[in-house]
Amino acid sequence: MGHDHSHSHGGHHHHDHAPKLDHLNTAFIIGIILNSIFVVVEALAGFFTHSLSLLTDAGHNLSDVASLALALLAFKLTKVSANSKYTYGYKRSTIIVSFFNAVILFVAVGFIVYEAIMRFMNPEIVSGGTMAWVAFIGIGINGFTAWLFVKDKDTDLNVKGAYLHMAVDAIVSFGVVISGVIIYFTKIYWIDSVVSIIIAVVILRGTWSLLKDSLRLEMDGVPAEMDLEKIKAELMKGKGVVDVHHMHVWALSTTENALTAHLVIKPEAIADFDAIKHDLRHRLEHMEINHSTFEPEFADEKCKQVDCA
């Protein structure tokens, strides 16, 4: 795995800016168990009451259980030591999982819309009361699971995905409660299909940013929260640094970022390059870049790499 750029300043003042998410193992396990039980209950209720909304939401919840399980597996894989074939270990699995989860949701939406259209043309009698009560339970379970991730949702893409899925599910369950109540009092059964399509739209909206961000990381793009101009400006603050080029920033995982750059150094400062690197790595850690590699160049020499910029 990449080296650890922890520092000590004037004694034992230790810095480690990589987010520690070990406590989320329990949150993932609780979420998986609760939602697995609810999927079974909701699917059975949907089957016996002929409610497409419940079956649709059960299918979506099942994909969320799979997503939680994959995210948990990815977090476990990040702990696996590096080896001669995977020199960074398996950290990138978190990016692959976040992208895979987004794709799963988009496929699920396609099935939801298709079934809703078919059911709209041939509506079936459903039990509005049962729909409402089962979905009401879903609000509690999904809301509680979302709460487990709310504190850490901005530290990792998979945690954000888990939070968004659960929060969206709570809203979706609320929509099913409303449709169940309407059906109970009005017997307008096509409402079930309309709610299913609304559910699909809500899922799409909640999933689009996850797909976009995970695809960006999958393509070694600059993480969304990174500003290259600010990073370059910070590097330019290094002692003796007169220019920065050939700079690349990418994600090693959903929690760790890396950078490589050519530093143009004044000739008289080259002897202090180790100290310059130490200072710049510290600055970058405060910008959520945990792994950095620098190549020095003298101010009077020309970069020989074709893509220097």
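The values are calculated or read from the model by the stated rules, or taken from the named source; none is laboratory data. Quantities reported herein were computed from a predicted structural model and do not represent experimental measurements. Cβ placement follows ideal geometry from the backbone for every residue including glycine, while neighbour counts extend to all protein chains displayed. Calculation scope for accessible area: heavy atoms of the full protein, side chains included, ligands and nucleic acids excluded. Shrake-Rupley method; radii C 1.70, N 1.55, O 1.52, S 1.80 Å.
For a label point 7 Å from the Cα of residue 124 along Cα→C-beta, name the residues of the stretch 166-192 whose backbone N is under 16 Å from it. It comes to 189-192, nothing else. Using a Gaussian network model of the chain with C-alpha springs under 10 Å, which one of 84, 63, 127 is most mobile by mean-square fluctuation? Among 84, 63, 127, the largest mean-square fluctuation in the Gaussian network model of the chain belongs to 84.
For the pair the stretch 203-219 and the stretch 110-148, the centres of their Cα atoms are 24 angstrom apart. Only one residue of 210, 101, 30 has its Cα farthest out toward the positive end of the dipole of the chain, where Lys and Arg carry +1 and Asp and Glu -1 on Cβ, and that residue is 30. Under a GNM of the chain (C-alpha, springs under 10 Å), which listed residue has the highest mean-square fluctuation: 244, 177, 65? Evaluated over the chain, the most mobile residue of the options is 244.
Cα gyration tensor of the stretch 138-213, axes a ≥ b ≥ c as square roots of the eigenvalues: rounded (a/c below 1.5), prolate (a/b > b/c) or oblate? Oblate.
Span-like helix check, the chain: qualifying full DSSP H segments, with Cα axial length of 20 Å or more and mean Kyte-Doolittle of 1.6 or more, are 24-49, 93-121. If I build a Gaussian network model for the chain, linking alpha-carbon pairs within less than 10 angstrom, which residue out of 274, 156, 64 has the largest mean-square fluctuation? Ranking 274, 156, 64 by mean-square fluctuation puts 274 first. The heavy atoms of residue 144 offer some 90 square angstrom of accessible surface to a 1.4 angstrom probe. Shown for the chain: the carbon plus sulfur share of the solvent-accessible area, taken with all protein chains present and a 1.4 angstrom probe, equals 66%. Computed about its Cα centre, the charge dipole of the stretch 232-302 is approximately 140 debye, with only Lys, Arg, Asp and Glu carrying charge at their Cβ. Close amide H contacts of residue 263 (hydrogens built in the peptide plane, cut-off under 5 Å, sequence separation of 5 or more or a different chain): 295, 297. For the modelled label position 7 Å from the Cα of residue 37 along Cα-to-Cβ, which residues of the stretch 133-159 have backbone nitrogen atoms closer than 16 Å? Counting only backbone N, you get 134-146. Convex hull volume of the Cα atoms of the chain, normalised per residue: 149 Å³.
Rounded to the nearest 10 square angstrom, residue 298 shows an accessible area of 80 square angstrom against a 1.4 Å probe.
Greater than 19 Å separation of Cα atoms is the criterion. Which listed pairs, 237/266; 153/230; 232/266; 239/266, meet it? Correct reply: 153/230.
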